[in-house]
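Structure first, then comments.
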Amino acid sequence: MRYYPRVYDALFSDPEGMSQYHRFLVELGVSGPLLDVACGSGDLLLLLQEKLASDGLDIDEVMLSQAAQKGVKGELFQRDFTLPWDIDKQYQTVLCLGDSLNYLSSLDQIRAFFNEVMKHLGSDGRFVFDMHSKDRLDEFEEEYLEEAVVDDLALTWSVNTVQNQLVHRFYFYDGKDYPSIEEVVQTVFASEEIEALLEEVGFKFRVVTDFSLAGYQVGEKYFYICERGIK
Ligand SMILES: C[S@@+](CC[C@H](N)C(=O)[O-])C[C@H]1O[C@@H](n2cnc3c(N)ncnc32)[C@H](O)[C@@H]1O
């Protein structure tokens, strides 16, 4: 049993941040049916489903059962997004937000993922994803450390940069002789490499930094708003 999905909402749930994502998508005019890839515990789906038919995909069954308990109405697919999705549906919008693309660890995985998105996207559909900017690597050169207690479970969470990866380490003090340690690794890719893969797979796209700044700017996240290109 992993503790990480059980403490995820307590540590990271951010209603204001989620509303900002939601507003961004509404302003883009995204349409349904929609698939939120790496939907986590479903907070964005809850906002989107008010107007659009919205499904979710995530690898983690605990996250998905939390999403269902919160009232997500669409289909929830338990899938590993590094593999073929095996979903017999097409979507007008495919999302992959909250730095979830950074859970892919190689350019080959990204290429396969973009191809899978393309396969599930309607002819005039849109694919919107974000990823950590390269500035994030500088930010965590110095280790970030946080302590918390979630439902009586004490934990510490650290983040630091190792080459082009952000390594999140969670120590759970669950009463055993040693803490249980879980690691989440996010790989930060160069924007040129992502652009080359989007073009190779057949997407045209534009880039926005931190929700509102056109193009690549100093900031936390780059957003890519993609449509089928000429291929
Ligand atoms: C940072 S959370 C983002 C959740 C949500 N999109 C949000 O913005 O709050 C990343 C999510 O990616 C999921 N994930 C990680 N690796 C995955 C994989 N190989 N396949 C599918 N989902 C994965 C995790 O279970 C987690 O729910």
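Observations on the model:
- Average projected area [Cα convex hull, the chain], square nanometres: 12.8
- Inter-label distance, TYR103 to ARG6: 1.9 nm, where each label sits 7 Å from its Cα along the C-beta direction.
- Relative contact order of segment 79-214, taken over Cα pairs closer than 8 Å and 6 or more residues apart, is 21 percent.
- Debye-sum result for segment 136-187 in log10 I(q)/I(0), which assumes one identical scatterer on each alpha carbon, at q = 0.14 Å⁻¹: -0.39
- Segment 13-111 - charge dipole about Cα centre, Lys and Arg +1 at Cβ, Asp and Glu -1, debye rounded to 20: 260
- Charge-dipole axis of the chain as Lys and Arg at +1 and Asp and Glu at -1 on Cβ define it, positive-most pick from THR209, VAL159, VAL128: VAL128
- Dipole size of segment 11-62 about its Cα centre, with +1 on Lys/Arg Cβ and -1 on Asp/Glu Cβ: approximately 260 debye, rounded to the nearest 20.
- Averaging Cα coordinates gives a centre for segment 91-138 and one for segment 42-74; these two points are 18 Å apart.
- Net length gained if the chain between VAL26 and LYS70 were fully extended (0.36 nm per residue, minus Cα distance): 13.7 nm
- Spread of Cα-to-Cα distances over 10 Å intervals beginning at zero, given as percent, for segment 108-231: 12, 32, 27, 19, 9, 1
- VAL72 sits among other residues whose Cβ lies under 13 Å from its own Cβ, and their net charge, with Lys and Arg +1 and Asp and Glu -1, is -4.
- Distant-in-sequence amide contacts of VAL150, defined by a placed amide H-H separation under 5 Å and a gap of 5 or more residues or a different chain, comprise LEU155.
- In segment 61-193, the DSSP beta bridges split such that about 85 percent are antiparallel, to the nearest 5.
- Simple rule: put +1 on each Lys or Arg Cβ and -1 on each Asp or Glu Cβ in the chain, find the dipole, and look at LEU47, GLY219, LEU64; the Cα lying farthest toward the positive end is LEU47.
- Helix-only mean residue ellipticity at 222 nm for the chain, each DSSP H run of n ≥ 4 adding -39500 (n - 2.57), per residue, nearest 500: -8500 deg cm²/dmol
- Distance (nanometres) between label positions extended 7 Å along Cα→Cβ at ALA196 and VAL167: 2.7
- DSSP bridge analysis restricted to the chain gives an antiparallel fraction near 75%, rounded to the nearest 5.
- Rounded to the nearest 20 debye, the dipole size of the chain about its Cα centre is 960 debye, using +1 on the Cβ of Lys and Arg and -1 on the Cβ of Asp and Glu.
Any read-out appearing in this document is the output of simple, stated calculations on the displayed coordinates, not a laboratory observation. Values in this document were obtained by computation on a predicted structure and should not be read as measured data. Note: ideal-geometry Cβ built from the backbone for every residue, glycine included; neighbour counts use all protein chains shown.
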